Amino acid sequence: MGTLMRLFSPPPATQSCQFLHSFNPPFSFPRTCGTSSRSTPFKAQSSECGNFLDLKPEAKPEFLDFDIPQFDTSTRSSLDVIIIGTGPAGLRLAEQVSQHGIKVCCVDPSPQSLWPNTYSVWVDEFESLKLESCLEKTWPMSCLYIDEDNVKYIDRPFGRISRKKFKTLLMERCLSNDVKFHKAKVLKIEHQEFESSIFCDDGNELKGSLIVDASGFASTFMEYDKPRNHGYQTGHGILAEVDFHPFDLDKVVQLDWRDSHLRNEPSMLTRNSRFPTFLFAMPIDSSLIYLMETSLVGRPVLSYEEVKKRMVARLRHLGIRVKRVLEAEKCLIPMGGPLPRMSQEVMAMGGTSGLVNPSAGYMVASAMALAPVLAEAIVQCLGSTRMIRGQPLYDRVWKGLWPIERRCVREFYSFGMETLLKLDLNETRRFFDAFFDLDPYYLHGYLSSRLSPTELAFFGLSLFGHASVSSRVELITKSAVPFVKMIGNLALEAKQYYI
């Protein structure tokens, strides 16, 4: 949800969340919703809170300050695995595969660049992965504003990831396992029966038994056999120095669905009632805070300009005057939609592979946890004396990452996303009022994508039981079509998996 997910960073030229860079995907987005061209322009009242949109982000690109080993292209030797992209997903997979003696090379135009994205996770997820040293700030609790009169609390620590510590740790693990790097952009991939080649913008060709695309959503290398009918999460985030903010320093604001800040903007209030946005806030201290106004999921895409206008109105209403913008992020994240075609010649990891939780937006921890699973499937093929390559290799690695149970779980989350797409603001509030009253086992498990299909069925029954009468009616009427679609997709997934 909002910045909760903090997606994996693909290469700088193609990332989906970046410092005020435009997002140019290879696929067509659906139309946007928001202000029409004939509506009255919105003006931020700088006399009250300052128009922070006029402030330029002060952050500059950062780079790791150590050398990395380059792959010697003059040898023309073949690699076992070539990973496109050095985001967290790509580096984590490289680290996991290479510790088994597999020859790995990561290809990225700027492998030493720090990721610009803001990453945050539930602390227990990173503790279980022994990555808690990468957290730069933690909060013992979270709060959620369902509306002006209803506040809920989550007794589960939450953390902000240090980009420098995170990337340094993954890079150091890769270097200790003799992972090589090649600084270039991949332009094309060609396949032979047992080997694939990548062609880079520096004129070099690299060959390997398996190509893994971890370059993010904007990749052109993935093939799909279904229409890409994604939902889209849109957000504008800033790390800001402020005179004041009203939030408790020991709590993250996960969701703020209040709309009192739009009472003096009737047209915007009306649009927000149909296509709502919420505020996510991580207070670092009394004068430093990360803020993001977010559309949880939309189809069509909620206009980015609309999101920013709502954020200006919200901060003005809260009395938050931004003095400096240290970092700014423009986020447009595809959620749900079909998985890439199974068993194709290029493997996928991270956002490219469909790992984003379709109804919650989380991915960082789950991709960190699943990298060893995919690595094991790769090692079983390329690390064995039999050297399983070609189509048998592709079949095994795709089924390793997406076994039938995990695909069924994803279908359930996609069902949740399709239902959320149909809810207006008041219906969304009633939904989350019930959702955050669930037993922590189901609540935490759902948000961390760790419930089994059977547990998800009990989760759904529990959610329905906690819902108000009006919310139950809304869930029945608005989830009927997505439910039928989910059942059909589950049957199709099972049929295709066992062919």
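The values are calculated or read from the model by the stated rules, or taken from the named source; none is laboratory data. What you see is a predicted model; the values in this text were computed from it and never measured. A quick note on method: Cβ atoms are made from the backbone with ideal geometry, for glycine too, and the neighbour counts reach across all protein chains shown. These area figures cover heavy atoms from the full protein model, side chains too; ligands, DNA and RNA do not enter into them. Shrake-Rupley method; radii C 1.70, N 1.55, O 1.52, S 1.80 Å.
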When the helices in the chain are scored as -39500 (n - 2.57) per DSSP H run of 4 or longer and the sum is shared across all residues, what 222 nm value do you end up with, to the nearest 500 deg cm²/dmol?
-10500 deg cm²/dmol
Counting only DSSP beta bridges with both residues in the chain, tell me the antiparallel percent, nearest 5.
70
Heavy-atom accessible area per residue - segment 104-248, 1.4 Å, Å²
38
Nearest-0.05 FRET efficiency for residue 441 and residue 284, computed from C-beta distance (R0 30 Å):
0.45
If a/c stays under 1.5 just call it rounded; otherwise compare a/b with b/c (prolate if a/b is bigger, oblate if not). Do that for segment 407-498, with a ≥ b ≥ c from the square roots of the Cα gyration tensor eigenvalues.
oblate
Measure nothing fancy, just the Cα-based angle from helix 453-466's long axis to the longest principal axis of the chain, in degrees from 0 to 90, nearest 10.
0
Partner aspartates and glutamates for residue 478 [C-alpha distance under 19 Å; skip if fewer than 8 residues away on the same chain]
411, 418, 424, 427, 433
Dividing the mean separation of Cα pairs under 8 Å (6+ apart) by the residue count of the chain yields a relative contact order in percent of 21
Relative contact order of segment 407-498, please, whole-number percent, based on alpha carbon pairs below 8 angstrom and at least 6 residues apart.
48
Between 0 and 90°, nearest 10: helix 163-176 axis offset from the chain longest Cα axis:
10
Once R0 is set to 56 Å, what does the formula 1/(1 + (r/R0)^6) return for the Cβ-Cβ distance between residue 373 and residue 244, expressed as a FRET efficiency to the nearest 0.05?
0.75
Could you tell me what percent of the accessible area of segment 407-498 is made up of carbon and sulfur, with a 1.4 Å probe and every protein chain present?
64
Restraint check, 152/422; 60/330; 137/167; 165/251; 180/207, Cα-Cα greater than 18 Å:
152/422; 165/251
Exposed loop sites here are chymotrypsin sites (Phe, Trp or Tyr not before Pro) in DSSP loop states with at most 15 other C-beta atoms within 10 Å. What is the longest stretch of the chain lacking them?
245-497
With bins of 10 Å, the percent of all Cα-Cα pairs of segment 168-310 per bin from 0 is 9, 24, 22, 22, 17, 7, 0
Considering only segment 55-200, percent of DSSP beta bridges that pair antiparallel, nearest 5:
65
